[in-house]
1. Yes or no: segment 161-176 includes at least one residue that is over 24 Å from residue 109 (Cβ atoms), of a type in the set (Val, Ile, Thr) and part of a strand (DSSP E or B).
2. Looking at (1) of a type in the set (A, V, I, L, M, F, W, C); (2) closer than 23 Å to residue 25 by Cα; (3) part of a loop (DSSP other than H, G, I, E, B), find the lone condition where residue 83 falls short.
3. Please specify each residue of segment 13-28 satisfying the condition of being more than 16 Å from residue 49 (Cα to Cα) and either touching a residue at least 24 places away in the same chain (Cβ under 8 Å) or not in a helix (DSSP H, G or I) (or both).
4. Taking the criterion of being open to solvent by 20 Å² or more (accessible area, probe 1.4 Å), assigned to a loop (DSSP other than H, G, I, E, B), under 22 Å from residue 179 (Cα atoms) and modelled with pLDDT of 95 or more, would at least one residue in segment 134-152 satisfy it?
5. Can you pull out the residues in segment 275-313 that are among the hydrophobic types (A, V, I, L, M, F, W, C) and touching a residue at least 60 places away in the same chain (Cβ under 8 Å)?
6. Kindly provide the set of residues from segment 29-45 that are free of Cβ contacts under 8 Å to residues at least 60 places away in the same chain and surrounded by fewer than 20 Cβ atoms within 10 Å (Cβ to Cβ), ordered by number.
7. Within segment 153-161, does at least one residue satisfy the condition of being more than 23 Å from the chain's Cα centre (by Cα) and either among the polar types (S, T, N, Q) or buried (at least 22 other Cβ atoms within 10 Å of the Cβ) (or both)?
8. Restricting attention to segment 73-106, which residues are open to solvent by less than 30 Å² (accessible area, probe 1.4 Å) and at pLDDT below 85?
Amino acid sequence: GELFYSEVDLSLNGGNGDVTSTKNVLVLDQATEGFAVTRPNSHGCRWLFAARVLDNTSYEVVRCLISDNGIGTPQPVTTVTIADGALTYCEIEFNSASDRMAMSTPSLLGSDPDIVQWHFDPESGELGDMQELSVSDGTILGIEYSPQDLWLYFQENSAGASDLGRVEVATSTVQMIDTDMGGYRRSLEEGGNGRIYSGGDYYTDHLTEIDFPDAPLLPDIGYEYEGVFVSSGGMRPGLPNAIDGEIPGTSPTPAYIDFSASSFGNCDTYVFTDSTCLGTWWEWDFGDGMLSNDPTPIHQFGPGSFDITLRILACGDTLTLTKPAYIT
């Protein structure tokens with residue numbers, strides 16, 4: 001398959017939103033269904049992680065940086081080998097703290113992992129300490145971290161009786177919740193209320209609900225197979241893939257390029273600090289005819305009021321920010 005993106009401007013169409021001229025932009029070819037977006041890191045950057053079928057027996061995990069200029073070029077991060085064959089469907093999830101990433105690897109071979117999990121560095125976008133988890137005899141597809149990141153829930157996707165369970169993140173201990181969910185169960189998603197929902201198969205008319213996903217004891221999780229009625233006509237097995245731990249509208253939009261200054265020693269001397277995401281080249285214009293390519297320059301001013309301009313190369317983009325009369 002292929003992964004595309006389009007931009008939606010919510011101010012268009014009378015406030016209902018509409019697609020802009022940036023639409024159907026190709027991000028990744030040979031893509032699987034597995035992709036996820038991180039919460040913003042300390043510099044305001046987000047990462048898009050996706051998986052592609054590299055060959056018949058492996059997934060290639062790639063990352064793209066999301067900026068004001070769109071979604072960047074995919075960068076290969078790691079490869080996961082699956083002896084039973086890499087499939088076009090899998091799922092990728094980040095936990096609420098954005099320090100772990102998990103990917104389901106549907107396979108029926110006992111030698112293959114059901115889920116692969118990494119430690120994640122949101123600043124650099126690096127994955128490390130890969131852990132292979134075997135949790136079921138079936139093909140695991142849906143995965144979701146609990147709100148407090150204590151458990152990783154999983155769900156089997158098969159034509160017969162599907163497993164639903166969870167694995168404790170700290171100990172890798174597996175607990176089975178239901179071994180007869182019905183066929184073609186697919187998606188697990190955390191709602192804004194902190195509960196986890198399971199998408200039904202083609203015939204069920206309810207969402208399965210887990211009321212207290214972080215409860216330490218299985219009898220206390222509040223499992224309801226028919227938790228929320230949706231439609232008497234049955235449901236397709238899908239739920240929207242939200243950004244975990246981030247209720248829509250609650251995360252502020254940070255500046256993609258920004259800097260600050262603080263006094264250094266004498267009252268006419270300042271140290272400048274860039275807070276742009278992943279800068280690799282800097283040019284500071286202090287407004288008095290002096291320039292610097294130092295990432296964190298120290299500059300002494302004469303009398304007057306000075307516009308400060310930062311030009312920076314970050315994430316492949318050349319950005320410019322001027323703060324008028326920033327230093328007096």
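The values are calculated or read from the model by the stated rules, or taken from the named source; none is laboratory data. It should be emphasised that the depicted structure is a prediction, and the values quoted were computed from it without experimental measurement. Note: ideal-geometry Cβ built from the backbone for every residue, glycine included; neighbour counts use all protein chains shown. Only protein heavy atoms, including side chains, enter the accessible area calculation; ligands, DNA and RNA are left aside. Shrake-Rupley method; radii C 1.70, N 1.55, O 1.52, S 1.80 Å.
1. No, segment 161-176 has no match at all.
2. Every listed condition holds for residue 83 apart from (2).
3. The answer is 16, 17, 18, 19, 20, 21, 22, 23, 24, 25.
4. yes
5. 277, 278
6. 29, 30, 33 - these are the residues of segment 29-45 that are free of Cβ contacts under 8 Å to residues at least 60 places away in the same chain and surrounded by fewer than 20 Cβ atoms within 10 Å (Cβ to Cβ).
7. Checked segment 153-161: at least one residue is more than 23 Å from the chain's Cα centre (by Cα) and either among the polar types (S, T, N, Q) or buried (at least 22 other Cβ atoms within 10 Å of the Cβ) (or both).
8. 85, 86
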